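Enquirer: Structure provided below as structure tokens; questions to follow.
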Amino acid sequence: MAVYTDISDDDLTAFVAGYGIGEVLSCKGIAEGVENSNFLLVTEQGSFILTLYEKRVDANDLPFFLGLTEHLSARGIPCPTPVHALNGEVLRELSGRPAAIVTFLTGMWPKRIQNHHCAELGRAMAEMHVTGADFELSRPNALSVESWRPLLEACEGRGDDVLPGITAALNAELDVLESEWPRDLPSGVIHADLFPDNVFFRGEHLSGLIDFYFACNDQFAYDLGICLNAWCFERDGSFNATKARKMLRAYRKVRELSDAEVQALPLLARGAAMRFLLTRLYDWLNTPENALVTPKNPLEYYDKLRFHQAVTGPGAYGLD
């Protein structure tokens, strides 16, 4: 269960009173999520999400995250909108943690990904990239290529306890990624964590993008690489080129990819696989047994990395 901080009834009542959204009718912890404490808050005016930001989130980044979702929402991107308190603030304090209330989005994330999910995601991602172009704040990607080797070094060679030989293999892959990583592709605000559980649907239509707490400024095509990994592999580990084609074609109808972006996609997908492999590996090795959150298996992303290493060109992803 991903609720790390308890809230007393008196503190909750006093906090919500500062928003003018009516009396609290209920407040229940949400088990999904790993970074923050999230609650489904129901008041006389409807449903909201209350988030307490835990220590893994840098409080200095919160104005970027909250400002970005407000910016995108105002321009038609379906994402949670911060609720302003009566004094105008969107970020306050509750139970010793920075806290915010955001609007509630209807829909469910897809447990079994279909082609139409990938197409809807591609369209929405492109619209988000275009719409974020005039967002005034910026945030560097703290988990880009420069951070990957330090992450592996922080594992202190214990990756071989998970899979013998993986440390040497990852060091060799990092040599390639660090030397060949593109630096001049079209860039702007990306989500950087558009996994299926962060995308809501109602029927076949996308109804919401959530959890912008890894959002940053980086190359747009890297966001596509993340989503190719998260959405286009089947449960047996095979890559579904049809799903990739649907995603990329829908994206390109909104924002065309440059030739350089197309050619770089296999390397960007490798890098995206490396990023999530390493954060999962670190968590796998360092999460206490009695932790509230179960770490995810890093070897899923090692298999994805090896797939991308064998790709000879963007045609493997359904591109012409």
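Table: residues versus (1) more than 14 Å from GLY122 (Cβ to Cβ); (2) of a type in the set (A, V, I, L, M, F, W, C); (3) touching a residue at least 12 places away in the same chain (Cβ under 8 Å); (4) in the same structural domain as THR167 (by TED's automatic domain parsing).
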| residue | (1), (2), (3), (4) |
| --- | --- |
| LYS243 | no, no, yes, yes |
| MET247 | no, yes, yes, yes |
| LYS253 | no, no, yes, yes |
| GLY271 | yes, no, yes, yes |
| MET274 | yes, yes, yes, yes |
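Enquirer: Still on this structure, I have one more. Confirm whether ALA192 is touching a strand residue (DSSP E or B) at 6+ places or on another chain (Cβ under 7 Å) and either surrounded by fewer than 23 Cβ atoms within 10 Å (Cβ to Cβ) or free of Cβ contacts under 8 Å to residues at least 60 places away in the same chain (or both). If you could, list the steps in order and put the result at the bottom.
Expert: Numbers: touching a strand residue (DSSP E or B) at 6+ places or on another chain (Cβ under 7 Å): yes; either surrounded by fewer than 23 Cβ atoms within 10 Å (Cβ to Cβ) or free of Cβ contacts under 8 Å to residues at least 60 places away in the same chain (or both): yes.
So ALA192 fits the description; yes.
Enquirer: Does any residue of the stretch 45-61 turn out to be of a type in the set (Gly, Ala, Ser), under 26 Å from the mean Cα position of the chain (by Cα) and at positive phi? Spell out the reasoning first.
Expert: First, the residues of the stretch 45-61 that are of a type in the set (Gly, Ala, Ser): 46-47, 59.
Keeping just the survivors that are under 26 Å from the mean Cα position of the chain (by Cα) gives 47, 59.
If we keep only those that are at positive phi as well, we get none.
There is no residue in the stretch 45-61 that is of a type in the set (Gly, Ala, Ser), under 26 Å from the mean Cα position of the chain (by Cα) and at positive phi.
Enquirer: Conditions: (1) farther than 17 Å from ALA142 by Cα; (2) of a type in the set (S, T, N, Q); (3) in contact (Cβ under 8 Å) with a residue 24 or more places away in the chain; (4) surrounded by fewer than 23 Cβ atoms within 10 Å (Cβ to Cβ). ASN229 meets all but one. Number of the miss?
Expert: Here ASN229 meets the rest and fails (4).
Enquirer: Residues in the stretch 257-296 that are over 22 Å from PHE220 (Cβ atoms) and either in a loop (DSSP other than H, G, I, E, B) or among the charged types (D, E, K, R) (or both): how many?
Expert: 12
Enquirer: For the stretch 297-320, what are the residues that are in contact with a Gly (Cβ under 7 Å, 6 or more places away or on another chain) and assigned to a loop (DSSP other than H, G, I, E, B)? Even if it seems obvious, please write down each step before you answer.
Expert: First, the residues of the stretch 297-320 that are in contact with a Gly (Cβ under 7 Å, 6 or more places away or on another chain): 303.
Across the stretch 297-320, there are no qualifying residues.
Enquirer: Here is a follow-up. Could you please find all residues in the stretch 247-256 being surrounded by fewer than 19 Cβ atoms within 10 Å (Cβ to Cβ) and part of a helix (DSSP H, G or I)?
Expert: Of everything in the stretch 247-256, those that are surrounded by fewer than 19 Cβ atoms within 10 Å (Cβ to Cβ) and part of a helix (DSSP H, G or I) turn out to be ARG249, ARG252, LYS253, VAL254.
Enquirer: Look through ALA316, ALA260, ALA310 and report the one residue that is at pLDDT 95 or above and within 23 Å of THR167 (Cα to Cα).
Expert: Numbers: ALA316 fails: within 23 Å of THR167 (Cα to Cα); ALA260 fails: within 23 Å of THR167 (Cα to Cα).
Only one candidate qualifies: ALA310.
The values are calculated or read from the model by the stated rules, or taken from the named source; none is laboratory data. It should be emphasised that the depicted structure is a prediction, and the values quoted were computed from it without experimental measurement. Please note: Cβ atoms are built from the backbone with ideal geometry, for glycine as well, and neighbour counts cover all protein chains shown.
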